[in-house]
Amino acid sequence: MNHRHTSKTFSQSDIAFQIEDLVDAVEHSEWPVQSVTDSGKTKRTKLARYFENLAQMLELVSRSDGYHYGPSLRLFQQACHDMGVEHSPLLAGITSFDEETSQYRDYSDTLNRLAERIRQLTLERGYRRRRGDSTYKWHQQSREVAEYLDQVLDRYATTLVIRIDLYYRAAAQARLRVEHVFADLQRLIRSRERNPIFEHETGYICRVEQGERRGYHIHTAFFFNGAMVRGDIYKAQQIGALWEQITRGKGSYHNCNQGKAQYGDKCGIGMIHRGDEEARDNAHHAMSYLIKRSQQLGLRPKGAKCLRKGQPVRR
């Protein structure tokens, strides 16, 4: 066998990150993935480690009917298609078909040609435009969140701001797919219509993201009429417990309000008075964490919105 691979199965989120790292590494390199020494032996280069889970990467981008891919995953998908790369246990794993010779390429040639095609595609206008569109969308979402926050804070004399990060337990992450996260989020949003936990709620912001350590997760903020709801830590605990119930014990959460004392005068969660401009600025800073650029999704179900905002609800 002339190539390495890992038998470990990675989560969907992990594989998406690995594809993004692979594209970035290839884009900023000039060398092949494998080279042949003077003695005829195959030598791995610095790029080789990025290709070790190629079979799982191929499986992920093969589901194009149900997903919208980000710029890096879309480019990787196109490069694999262009080079005819496939995973075939009958053909000793990863290979590609050369239409000119009507023969299958060997493993080293397949990797080197795939890397070269990725490198070519990163130079094309379409890829750079998609990256620019992604940056523009992030800026647009930042403005939307800021405008929405001002609308909510202007409604009542005081607003109770709750911040909760919704996660999945490590055991659940291994099999977690992004469509499961959106389905759980939808159940949480719908529960606002009937669950007494959300009485006197005046708005919410939720954004689905992914991180290298936590995998798929959701940053959330919920707003309540400050004249009617005061226990922010307890309210956050209630919402967190509901999340655990919705995910059937697979979910976990971080109650940001429980540790708000550490922010001192810069605290932007808890009770915010409408006329307190400094507290409002701090709340804007706290909400900016909901849309971190570094944690944008690499893929999402087609038609799904990563950022969800509610309309102020009168109760």
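Values computed for the structure shown
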read-out: Heavy-atom accessible area ranking, 1.4 Å probe, most first, across Leu297, Leu73; value: Leu297, Leu73
read-out: Simple Cβ-charge dipole of the range 119-255, Lys/Arg +1 and Asp/Glu -1, about Cα centre, in debye nearest 20; value: 720
read-out: Potential extension, Gln120-Asp265 segment - 0.36 nm per residue separation minus Cα distance; value: 47.1 nm
read-out: Sum of -39500 (n - 2.57) over DSSP H runs of 4+, divided by residues of the chain (222 nm, nearest 500); value: -13500 deg cm²/dmol
read-out: Highest-fluctuation residue, Gln140, Gln78, Gln296 considered, GNM on the chain with Cα pairs under 10 Å; value: Gln140
read-out: The chain: relative contact order as a whole-number percent, Cα under 8 Å and 6+ apart; value: 22
read-out: Amide H within-cut-off set for Met271, under 5 Å, with H built and near neighbours excluded; value: Val161
read-out: Heavy atoms of Arg190 accessible to a 1.4 Å probe, total area in Å² rounded to 10; value: 140
read-out: Rounded if a/c under 1.5, otherwise prolate or oblate - the range 170-315, Cα gyration tensor axes; value: prolate
read-out: Separation in nanometres of the label points that stand 7 Å from Cα toward Cβ, at Arg230 and Arg155; value: 2.1
read-out: Backbone HN-Hα couplings from phi across the range 43-54 [Karplus 6.51/-1.76/1.60, Hz, Gly and Pro as x]; value: 10, 7, 9, 4, 6, 4, 5, 6, 9, 5, 10, 4
read-out: The range 1-130: C-alpha gyration tensor shape, a/c 1.5 cut-off, then a/b vs b/c; value: rounded
read-out: Difference of contour (0.36 nm per residue) and Cα-Cα distance, Ser191 to Lys292; value: 33.7 nm
read-out: Structure-derived volume of the Cα convex hull per residue in Å³ - corresponding label in (1) 131; (2) 176; (3) 155; value: (3)
read-out: Point-charge dipole on Cβ atoms (K/R +1, D/E -1) for the range 242-315, about Cα centre, debye to 20; value: 680
read-out: Label-point separation, Asp109 to Ala174 (7 Å along Cα→Cβ), nm; value: 3.9
read-out: Choice from Val36, Val208, Val61 showing the highest fluctuation, given a GNM over the chain with Cα pairs closer than 10 Å; value: Val36
read-out: Trypsin sites (Lys or Arg not before Pro) restricted to the range 139-184 and DSSP loop, no more than 16 other C-beta within 10 Å; value: Arg169, Arg175
read-out: Projected label distance in nm at Glu147 and Gln311, using a 7 Å step from Cα toward the beta-carbon; value: 1.6
read-out: Relative contact order %, the range 145-299, counting alpha carbon pairs below 8 Å whose residues are six or more apart; value: 36
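The values are calculated or read from the model by the stated rules, or taken from the named source; none is laboratory data. What you are looking at is a predicted structure, and each value in this text was computed from that prediction instead of being measured. Backbone-built Cβ (ideal geometry, glycine too); neighbour counts: all protein chains shown. The area values use the complete protein model at the heavy-atom level, side chains included, leaving out ligands, DNA and RNA. Shrake-Rupley method; radii C 1.70, N 1.55, O 1.52, S 1.80 Å.
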